[in-house]
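Notes to accompany the following structure.
The values are calculated or read from the model by the stated rules, or taken from the named source; none is laboratory data. Remember, predicted model here, so these are calculated numbers, not experimental data. Positions of Cβ are generated from backbone atoms using ideal geometry, with glycine treated the same way; all protein chains shown enter the neighbour counts.
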């Protein structure tokens, strides 16, 4: 048995992670690098990216940083171009960047709030997939993972715009899989539940009492971790999932079935 391949199953692969400055994106970049991939990490905040690159290098991995706003198509094009110019190919893409927007009753939502959520969550994922797939289809191989949230499959009160955006991500994932699977490119969605990240604590469930109540209502009895989500991203990126595409993988501690 080749122990280096066993311990570093993604050796030789090139990965791209958006929204990598914190939370699931950061943890996933670290996990992909730990498994041997060379990783391009992208987000809007340079200092956090620089720290991530350093952390990956200190652990024996390799990463490069690129500042980009996924809501801007030209940023995405340049990001993918940078990845290919640096490493010559693109094998794995985790489209993680997004926003929660403003949680409020549907009748209080408006076009401004809609655009604020749909630009990164939907247009950002659409354009990311487009430019990533152009490279992967030329290669005849690749794995794209989109962060759709459990909100891509169920509903939440006062979250109509966010929920709609994540349902759109699941829909794009399924459609792209039909178009690209026979051409060697797999597309899946990760649907996390209650995960300990700055994203959730900042906007969706900022109150400690609310956080505890949601955790108590989950069969797991706790929130998940970004590191747990990262191992799922690595699975969907790897050859262990070569017959998996168009799937919305729910990792919510059983919340959506409870």
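With over 30 Å from residue 111 (Cβ atoms) and in a strand (DSSP E or B) as the only criterion, which of 222, 186, 182 stands out?
186
Before we move on, is residue 70 in contact with a strand residue (DSSP E or B) (Cβ under 7 Å, 6 or more places away or on another chain), surrounded by 24 or more Cβ atoms within 10 Å (Cβ to Cβ) and without any contact (Cβ under 8 Å) to a residue 40 or more places away in the chain?
Judged against the criteria, residue 70 is not a match.
Name the residue that is farthest from the chain's Cα centre (by Cα), counting only residues in the range 227-258 that are at pLDDT below 95 and outside any loop (DSSP other than H, G, I, E, B).
Going through the qualifying residues, I end up with 257.
So residue 33 passes all but one of these: (1) out of contact with any helix residue (DSSP H, G or I) (no Cβ under 7 Å at 6 or more places or on another chain); (2) crowded, with 24+ Cβ neighbours inside 10 Å; (3) farther than 19 Å from residue 136 by Cα. Which condition number does it fail?
(1)
One line per residue, one yes/no per condition, for (1) touching a strand residue (DSSP E or B) at 6+ places or on another chain (Cβ under 6 Å); (2) without any contact (Cβ under 8 Å) to a residue 12 or more places away in the chain; (3) farther than 22 Å from residue 27 by Cα:
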site	(1), (2), (3)
217	no, no, yes
223	yes, no, no
229	yes, no, no
232	yes, no, no
237	yes, no, no
242	no, no, yes
245	yes, no, yes
252	no, no, no
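Can you name the residue in the range 153-184 that is out of contact with any helix residue (DSSP H, G or I) (no Cβ under 9 Å at 6 or more places or on another chain) and at pLDDT 95 or above and, of all such residues, is surrounded by the fewest Cβ atoms within 10 Å (Cβ to Cβ)?
182
Quick check on the range 167-178. Is at least one of its residues farther than 15 Å from residue 122 by Cβ, over 16 Å from the mean Cα position of the chain (by Cα) and assigned to a helix (DSSP H, G or I)?
Yes, that holds for at least one residue.
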